[in-house]
Amino acid sequence: MANRVAIVGIGQTYHKNKRPDVNMPEMVNEAVRAALVDAQLRPKDIEAVITGNMETFEGVYLPDHWMAVEAVAFRTPGFKVSTGGTTGASAVEEGFNFVASGLCDVALVIGFEKQDTGDTTAAITACSTPVWGKGMATGAIGEFAKQALTYMEKSGAKEEHAAMVRLKADRGACRNPYAHLKLGLKSVEEILQSGYLVWPIRLLDFCPQSCGACALVLASEGRAGKITKKPVWMADMITIHQLPFRAGIFGDITGTEPYSQEVAAEKLYERNGITNPIRDIDMAEIYEPSNWEEMSLYEHFHFCEKNQGWKMVEKRMTEIEGEFPVNPSGGVLATNPIGATPTIRIAEAALQVRGDAGEHQVTRDVKTAVATALGGSNWTVMTLLKRSL
Amino acid sequence: MSEKIEQVEGLDAFIVEGKIDIPNTYSAGAVGSRFLIELRDNKKIMGIRCPDCNRVYVPPKSTCKDCFGQLSEWVQVSDKGTLITYTVDCHSNNVQPVEPPIIYGIIRLDGADTGLVHMLGEVDLEQVKIGMRLQAVFKEKRVASVLDIKYFKPLA
Amino acid sequence: MAERVGIVAIAQTKYHPNRADAFEGELAYEVIRPLLEETGLGFSDEGNGIDCAVTCSQDFWDGRTISNTSVMSAVGAHLSDEDKVNEDGINAIYCAMARILSGRHDIVLVVSHMKESQADKSMVENAALDPIFMRQLGFDFLTAAAMQARRYMYKYGITPEQCAKVAVKNRGNAKNNPFAQEPTDITIEDVLGSKLLASPIRFLDTKPISDGACAMILAREKKAKKITAKPIWILGVSNCYETHYLGERDLAECDALVSAARKAYSMAGISNPLKEINVAEICEEYSYQELLWMEGLGFCGRGEAGRLIDSGVTQMGGQLPVNPSGGMLSGNPNGVAGMTRVAEAVLQLRGEAGDRQVPGAKIALAHGVTGVCGQHHGVMILGKGSRR
Amino acid sequence: MTQKPEYIHIKYTKPRYYRWSTGKYMGKVYKEARDNKKLVTNRCPKCGELLWHPEPVCGRCKVYAGEDWVEMSDKGTVLQYTYLVVPMWNPHMGERWANPYPLASIKLDNGCYIYHFLEEQDPEKLPKVKRVQAVWKEEGRGQGLGDILYFRAIEE
């Protein structure tokens, strides 16, 4: 049967709004070096490099080629994947497959995005083909706005709850040395005073545009034990896509279609004997592009019942000290280098499993963690990590 | 709007003409910036040396391709060099900085171990040969770009 | 490898200069539908159908961010799994193979599609060049290839006639391939007399703009044998990156290809490729590339590919026919071309290559290339029958 | 006093041009809209649902959908809408652009969901817009869905 796979090296850059001091390959190199140092490996130990990036965001065709040397890909097998928002997790999944298959023993996976290069929102808007109608897309923000409206109407959540999610994210970010936005927010009121981007999404409701990279070293069972004393085992990964049949690109606002998150979570839990997610899993790093989305994602991932997501927030269950911490890193609301964002979710969940998250290490002992990614027309990638298999 | 939509002759299919127009601004980074600033301010071509393999990179880079070391040792290289390969580019495209034909070449500057891709000028097409000696010609008005070198001309 | 991975069905479109009549999803389904009909497979993760898809397309060429959204329905991705690989299509097959060997998938659909006619080739290629030191110079892959051709010909004494022979051979071979875009009878004189684009590369040394798609189904050994009586096995595979900056490379060499080939050969147990391989399908976007890549693949020594083509070894009927399909020069889109090479190799091994059949072919090589001056190479060795 | 380092940025502003094709299925939509002011799409033979956008395969049933063309109603019900407050860069136009007309998800009367614009621009009145009908362009059709200017509130 297939090899078991562990995360044995974790590296990320400090995430920032602008990085004029480095070009794109140099930025990626920072994360790669950090991951190699963490794993105590040399470049020549890497047998395959899988990169993930949305090339239209920076206007670089084949960016993995530009950074071949900096990404340790020079003279090494590998390729680039891109699946929209989920890209950084798709890259990890292919790295996982490469090691699990025995095609290699040590793989490096890299997610990156340098958003100071261009208008990413515009690049996202270019997902819609002019063939289907020009100007009929508002980019991701418009879609999330529709989601937020629907969620408010259905669940009874109020703008205050969205603000509480933002406050939680900021608390985490301020304790995470790598996080981008550290606003030092004090109160819900402060957030409710920020202006609207697209009604009802406020400036502070949405994720920032960040520059950053995240790299993971994955190793087979045979090698992992030799590389590190604290391997984080990749118990499982799953990808579920969804087609926008109905009325919302990020999930169906008519409530008649299953969500990709539900399908992914149910399959992942079933395959891994998880019957009560918030008991069987110790924490989660989820891809929440807006604070509104975070509350409905709790429901889709079955962390709570339908329309109860905002109550988890109200009860402070998902705070760092809470019984089921979600995004102690500050999450996507604080840091969003798109191609790296899902990779960071997995990296941060792995740090929690290792107990190496430092200031933002959660109170609960983390033996099992889940990381999620969101992209495309509501595509979901989930990763289940464990301290021991 | 520049967009034009027309039906394909004989088919129930249409062509939608359009564009993707997103301006991009690339950071040259600390290493790239230093190289470009030296071109602009001092008409100097700078390389970076790997202390492990001794290779001098022009254009400079921050990571050695063989040693993976982080590079920081700057050296000035000559503005004269040798042509490694070239092409007389006759086809035109939307992004060329000057009208074709353009002679592109890879030039290894004296003191450098890698080649710089650039253009050749003040030269007859028949005269261009691999191994010929060339010298950089700088533009009068320089803006910190690789195009601050106007082209390389034959060394008299 | 505990278990082998088999290719159980392939399909390709006829390659065409402008497929305005087909949206990306329509083009992809044109090759997916016959696969479903041939194998009787549907989409299912219950162990009896296609359980995931790997697609291959390029946002830059498609002019659409997340270009795979165009083919989601066609590849059965709803509430299922899909990933998109951004190199030549041969790497999507590599990716699909890893998915099967990982034990996490059984039957994988792989599809690559591209309509070069929709984009401005030079602008797309120029955007792949490092924006700080190369992109502003305004050149494209053709210009870069011309500099590589010049260096290669200079270093090893390869002649323009020898390069032209590649174009003559491949476009002639294409006459036997019903899927080829431009089968033509041309002579060496025609090539050398055609319009100079970027010296030494002339119009007939290049491939035409091309639209098309290619798809295949991969399955683990046990399932493959049930699906078809003629599974073709992936015996060896690898790929490799070269450094990006042209001035850091010796353009007369192709070290990344040497490395990819060495790994693929070692996996397949091949020590003398010229002898042991019966047919090779190589991605030659420009005529000189077939010669240079043959050296990288170890079919001859460095600088000897000119003599190899002069000797007729690589013609139909020769010891190792190269590109019986007509190759990329006869018209395949970027990104699809490497997958087309694998599809052609499969047809050869199944004995279904029609007029372009190499009699008795047992071991085939397929090659795909991505990037400027061959920056990324993929090599795959395929075989039929028992394990080597 | 240490000087702040100067970093160089390199700008690219040229758009990339495309000639997108509608293909056969969307081409049919363009043709019917232009010639007959009609919205059409195809129907899945298995689940019987109308597909939108039309395509050769039903994404849900994962089977060949064929060409069972059906005329769709141009009346529908607004399900959800949103509008841009801040103009955002539109990559297909190459400028900042805030659509004056709110974008809505509209359920057409025979089951399809489409995105289009609403005529009503007043945020106060928008929540009351429920039943809507397409307003077709009189001149210059041949722009696909752009042949519908927007959806107008109707009383029934």
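Please treat every number below as a calculation from the coordinates, not as lab data. Computed from a predicted model, the values in this text were never measured in an experiment. For neighbour counting, all protein chains shown are included, and Cβ atoms are generated from backbone atoms with ideal geometry for every residue, glycine included.
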Query raised in the report: About the Cα centre of the range D:89-156, what is the dipole size in debye to 20, counting +1 per Lys and Arg Cβ and -1 per Asp and Glu Cβ, all else neutral?
Result: 200 debye
Query raised in the report: Say each of residue A:363 and residue B:110 gets a label point 7 Å from the Cα, pointing the same way as Cα to Cβ; how far apart are those two points in nm?
Result: 7.2 nm
Query raised in the report: Which order do peptides A:147-157, A:318-328 fall in by mean Cβ count within 10 Å, highest first?
Result: A:318-328, A:147-157
Query raised in the report: In sequence order, what are the phi-derived ³J(HN,Hα) couplings for the range B:94-101 according to the Karplus relation 6.51 cos²θ - 1.76 cosθ + 1.60 with θ = phi - 60°, rounded to whole Hz, with x for glycine and proline?
Result: 6, 10, 5, x, 9, 6, x, x
Query raised in the report: Nearest 0.05, what FRET efficiency do residue D:109 and residue A:230 give at R0 = 56 Å with Cβ-Cβ as r?
Result: 0.40
**Report entry** Dipole-positive endmost among C:293, C:316, C:80 within chain C (Cβ charges, Cα centre)
**Finding:** C:316
Query raised in the report: Do the sum for chain A: with -39,500 (n - 2.57) for every DSSP H run of n ≥ 4, divided by all residues, what is the mean residue ellipticity at 222 nm, to the nearest 500 deg cm²/dmol?
Result: -10500 deg cm²/dmol
Requested in this report: Could you list which residues have their amide H under 5 Å from that of residue A:16, counting only those 5 or more apart in sequence or on another chain, with H placed in the peptide plane?
Outcome: A:211
Query raised in the report: Roughly how many nanometres apart are two label points built 7 Å out from the Cα toward the Cβ at residue B:25 and residue B:41?
Result: 2.1 nm
Query raised in the report: Using the C-alpha atoms of chain C, what convex hull volume per residue, in cubic angstrom, is computed?
Result: 125 Å³
Query - the range B:28-154, dipole about Cα centre (Lys/Arg Cβ +1, Asp/Glu Cβ -1), debye to the nearest 20 - result: 260 debye
Query raised in the report: Mind checking the dipole of the protein assembly as shown: about its Cα centre, +1 per Lys or Arg Cβ, -1 per Asp or Glu Cβ, Debye to the nearest 20?
Result: 1820 debye
Report summary line: Across D:23, D:76, D:66, the residue with the highest GNM fluctuation in chain D (Cα network, 10 Å cutoff) is D:23
Query - Value of relative contact order over the range A:282-376, rounded to a whole percent, pairs C-alpha under 8 Å and six or more apart - result: 41 percent
Report task. Could you state, as a whole-number percent, how many of the C-alpha pairs of the range D:23-153 are farther apart than 22 Å? Result -> 43 percent
Query - Spin-label pair residue A:306/residue C:3, simplified geometry with 7 Å Cα→Cβ offset, distance in nm - result: 3.8 nm
Report task. Per residue of the range D:47-63, in order, report the coupling 6.51 cos²θ - 1.76 cosθ + 1.60 (Karplus, θ = phi - 60°) as ³J(HN,Hα) in whole Hz, putting x for Gly and Pro. Result -> 8, x, 7, 6, 8, 8, 6, x, 7, x, 9, 7, x, 7, 7, 6, 10
Report summary line: Nearest 10, in degrees from 0 to 90: the angle of helix D:23-36 to the longest Cα principal axis of chain D is 70 degrees
Report task. Provide the FRET efficiency to the nearest 0.05 for the residue A:17-residue B:138 pair, computing r from the beta carbons and using R0 = 25 Å. Result -> 0.10
Report summary line: Between residue C:107 and residues 5 or more places away or on another chain, the pairs with built amide H atoms under 5 Å apart involve C:51, C:52
Report summary line: Contact order relative to length for chain C, counting C-alpha pairs under 8 Å separated by 6 or more residues, stands in percent at 24 percent
**Report entry** Residue-averaged beta-carbon neighbours from other chains (10 angstrom radius) around C:90-97
**Finding:** 3
Report task. For chain C, set up a Gaussian network in which alpha carbons nearer than 10 Å are linked by springs, and say which option among C:166, C:358, C:342 fluctuates the most. Result -> C:358
**Report entry** Theoretical ellipticity at 222 nm over chain B - DSSP helices of four or more residues, -39500 (n - 2.57) apiece, nearest 500
**Finding:** -3000 deg cm²/dmol
Query - Proximal aspartates and glutamates to residue D:4, defined as alpha-carbon separation beneath 19 angstrom and excluding residues fewer than eight positions away on the same chain - result: A:21, B:38, B:41
Query raised in the report: Tell me, what HN-Hα J-couplings in whole Hz come from the Karplus equation 6.51 cos²θ - 1.76 cosθ + 1.60 at θ = phi - 60° for each residue of the range B:114-128, using x for Gly and Pro?
Result: 10, x, 10, 7, 7, 10, 10, x, 6, 9, 6, 3, 6, 7, 6
Query raised in the report: Got the relative contact order for the range B:85-137 handy, in percent, Cα pairs under 8 Å and 6 or more residues apart?
Result: 28 percent
Report summary line: Taking Cα atoms, the helix A:341-354 axis meets the longest principal axis of chain A at an angle in degrees (rounded to 10) of 70 degrees
Query raised in the report: Let a ≥ b ≥ c be the square roots of the eigenvalues of the Cα gyration tensor of the range C:245-328; is it rounded (a/c under 1.5), or, if not, prolate (a/b larger than b/c) or oblate?
Result: oblate
Report task. Name the residue farthest towards the positive end of the dipole of the protein assembly as shown from the options A:65, C:336, C:177, assuming +1 on Cβ of Lys and Arg, -1 on Cβ of Asp and Glu, about the Cα centre. Result -> A:65
**Report entry** Equivalent ellipsoid semi-axes, chain B, via Cα gyration tensor eigenvalues times 5, rooted, Å
**Finding:** 36, 22, 16
**Report entry** Rotationally averaged projected area of the protein assembly as shown (alpha carbon convex hull; nm²)
**Finding:** 40.9 nm²
Query - Listed residues C:197, C:11, C:373: farthest to the positive end of the dipole of chain C (Cβ charges) - result: C:11
Query - Translational D in µm²/s for chain A (Stokes-Einstein at 25 °C, 0.890 mPa s, Kirkwood Rh from C-alpha pairs) - result: 120 µm²/s
